[in-house]
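> Handing you a structure now.
Bear in mind that the values in this text are calculations on the coordinates, not laboratory data. Every value quoted in this text rests on a predicted model; they were computed, and no experiment measured them. As a convention, Cβ positions derive from the backbone with ideal geometry for all residues, glycine included, and neighbour counts pool all protein chains shown.
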Amino acid sequence: MNEAAQFYNPEQCRNEAEVESKFIVQYLLPSLGYPPESWHQEITFGAFRLDFLAIAGNVIGKSDQLQVIFEAKHPNQNLDRHRRKLRHYLSSLGVRYGVLTNGKMLRVYELVAEELELRLQVPGREVPMHLDQLRQLVGKGSIEVLPDQDATPEPAIVTPDHPTTLVQSLSSSSTEKTMKVIAVYHNKGGVGKTTTVINLAAGLCKKGKRVLVIDLDSQANTTFATGLVKFQDESADNIKDRNIYHVIIERNKFTIPEVVQKSSFTFPAVDVIPSHISLTTKEAELNDSPQAQTRLLSKLNEVRDHYDVVIIDTPPSLNIFARIALLASDYLLIPSDLRPFANEGLNNVRTFLEGLNEFREMMNRQPIEVLGVLASKVSTIDKFIKHTLPKMEKLVEERYQFPLLNTRIYERRDLSAALERVVELGDLDIPDPQSIFDYKPHSASAEEFEALTKEIMTMTGL
Ligand SMILES: Nc1ncnc2c1ncn2[C@@H]1O[C@H](COP(=O)(O)OP(=O)(O)OP(=O)(O)O)[C@@H](O)[C@H]1O
Ligand SMILES: [Mg+2]
């Protein structure tokens with residue numbers, strides 16, 4: 001190694017691009033023995049976009065164990081926030097080792113029994129002193145095939161000359177087509193749940209996903225926000241006899257296709273199961289009926305081939321409708337404005353989840369997977385963003401032990417205006433809400449929801 005390489009200090013990288021180019025491309029990969037043809041940058045598998053994938057072995061078969069994923073982050077980024085995504089990449093793609101670095105710190109993780117184990121952590125400036133250790137762990141030719149990994153995805157024929165073979169093999173093993181059900185829930189009111197449901201649904205729809213939205217809140221805000229309430233008085237109410245309550249209470253009637261309505265709050269149109277104010281009077285009845293509590297889950301199972309993703313809006317409460325939503329879901333997304341009461345409410349969410357997961361276990365269902373807390377309705381005041389927000393985000397992760405999503409949704413007038421849109425018809429104002437993508441596709445809010453859509457797609461393998 002030349003002298004310059006011995007004294008290289010990645011802590012001088014100023015941004016993510018420098019971590020990628022100066023540290024990983026120019027220093028780390030060559031130092032670990034990877035020639036340029038043995039690694040790929042910006043490689044995409046379905047919804048995954050990896051910064052680097054290096055091929056440590058040069059073999060036929062068992063290749064997935066012989067790859068290393070390198071992820072570069074901005075020097076200001078806390079690596080803890082990216083562990084979860086790395087675990088997801090490794091687990092979904094069947095790769096054993098991942099390297100995560102922001103220049104200031106470098107970590108090597110190994111995926112063992114679906115969990116990440118930290119194998120090495122080195123401050124950036126000390127990387128040159130630890131190259132031998134790094135080479136042994138993730139260097140070219142270092143990784144051995146585990147004998148007990150026969151159950152991992154189809155072996156791929158991989159040589160550095162055939163990156164496309166690798167892409168095809170990995171994408172087919174990672175894009176298992178199953179419907180994902182995501183509940184958007186927090187027991188604190190007004191934190192942006194409904195706004196998240198609407199715009200995330202639109203974002204996914206615009207990515208070509210087949211989306212179903214379910215409103216399980218008796219306030220019916222999603223039903224309003226998807227423009228299904230066109231009537232002015234009760235006599236014209238066309239929802240009261242065909243809504244989510246009927247799906248839940250009736251065993252043999254009111255299947256999902258019978259109850260869905262097409263909504264044009266976004267383009268292409270999305271299927272929505274509406275809610276109704278009358279749900280408030282049904283709580284006692286549903287509390288006494290364990291069968292009804294799992295009926296949404298059973299009916300969703302009947303439409304697994306019709307949708308890629310189902311997004312459920314929930315009430316700001318710990319009530320039976322929240323329970324039904326979370327029993328039917330695979331994933332939970334928790335929007336929060338990160339204000340004091342919203343943060344404290346996370347304790348209630350945790351306790352609620354514990355009881356719920358016990359019930360799921362009895363049903364032979366995995367615990368619900370918490371995608372994390374989504375910072376939502378975040379004030380754009382500079383002082384708040386600089387001083388209060390980082391503290392609040394830290395509290396979520398450290399005190400309340402919930403992961404945080406990378407995306408933040410800021411408080412912006414465009415978002416509420418899009419959902420409050422009306423069209424005039426004679427003397428009448430008819431509600432005509434739109435998603436932010438349809439209302440102002442080039443706005444900051446549309447960009448934020450685009451980022452959220454991508455993040456959710458990556459996390460859920462959509
Ligand atoms: N990011 C945002 N920027 C501006 N306004 C927002 C934003 N998010 C939500 N709002 C507005 O805040 C209000 C509450 O939002 P929303 O209905 O999404 O919250 P919620 O958590 O679903 O409330 P509830 O608990 O009552 O169901 C609405 O008027 C909405 O338009
Ligand atoms: Mg709501």
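> If you find the alpha carbon centre of the stretch 350-399 and of the stretch 188-205, how far apart are they in angstrom?
16 Å
> Would you give the gap between the C-alpha center of the stretch 424-443 and the C-alpha center of the stretch 224-303, rounded to a whole Å?
Spelled out, the Cα-based centre of one part sits 24 Å from the other.
> Could you pull the Rg and Dmax for the chain, using just the Cα atoms, both in Å?
Here Rg and the maximum Cα pair distance are 24.3, 84 Å.
> Turning to a different aspect of this structure: Add +1 for every Lys or Arg and -1 for every Asp or Glu among the other residues with Cβ under 13 Å from the Cβ of G355, and state the total.
Here the count lands on 0.
> Take D132, D51 and order them by how many other Cβ atoms sit within 10 Å, fewest up front.
Going from sparsest to densest Cβ surroundings: D132, D51.
> Over the chain, what relative contact order in percent results from Cα pairs under 8 Å that are six or more residues apart?
Answer for the chain is 15 percent.
> Here's another thing I want to ask about it. Can you give the charge dipole size of the stretch 415-462 about its Cα centre, rounded to the nearest 20 debye, using +1 on the beta carbon of Lys and Arg and -1 on the beta carbon of Asp and Glu?
Roughly 240 debye, rounded to the nearest 20.
> Fewest to most neighbouring Cβ within 10 Å: what's the order for S317, S91, S336?
Least crowded to most crowded, the residues run S91, S317, S336.
> Here's another thing I want to ask about it. Highest first, please rank the peptides 189-195, 77-83, 301-307 by the mean number of other Cβ atoms sitting within 10 Å of their residues.
189-195, 77-83, 301-307
> Right, here's the next one. For the stretch 183-295, place one equal point scatterer on every Cα, skip the solvent, and apply the Debye formula. What is log10 of I(q)/I(0) at q = 0.16 Å⁻¹?
Debye output, listed in q order: -0.78.
> What dipole magnitude, in Debye to the nearest 20, does the chain give about its Cα centre under +1 on Lys/Arg Cβ and -1 on Asp/Glu Cβ?
The calculated dipole for the chain is roughly 520 debye.
> If you don't mind, there's one more thing I want to ask. Among I430, V309, I409, whose Cα lies farthest out toward the positive end of the dipole of the chain, if unit charges sit on the beta carbon of Lys, Arg (+1) and Asp, Glu (-1)?
I409
> Also, quick follow-up: Amide H to amide H under 5 Å from R119: which residues, 5+ apart in sequence or cross-chain, H placed 1.01 Å off N in plane?
When sequence neighbours closer than 5 places are left aside, the close amide H contacts are V108, Y109, E110.
> Additional query: May I ask you to derive the FRET efficiency for Q291 and L425 from their Cβ-Cβ distance with R0 = 45 Å, giving the value to the nearest 0.05?
Computed FRET efficiency for Q291 and L425: 0.55.
> On a 0 to 90° scale, report how tilted helix 193-206 is relative to the longest principal axis of the chain, with both axes built from alpha carbons and the result rounded to the nearest 10.
70 degrees
> Shifting gears a bit: Which of V213, I239, L279 sits closest to the plus end of the dipole of the stretch 211-351, meaning its Cα is farthest towards the positive end, when Lys and Arg get +1 and Asp and Glu get -1 on the C-beta?
Projecting each Cα onto the dipole axis, the largest value belongs to V213.
> By how many nm would the segment from H246 to D132 lengthen if fully extended, with 0.36 nm per residue of separation less the alpha-carbon distance?
Additional length available on full extension: 34.6 nm.
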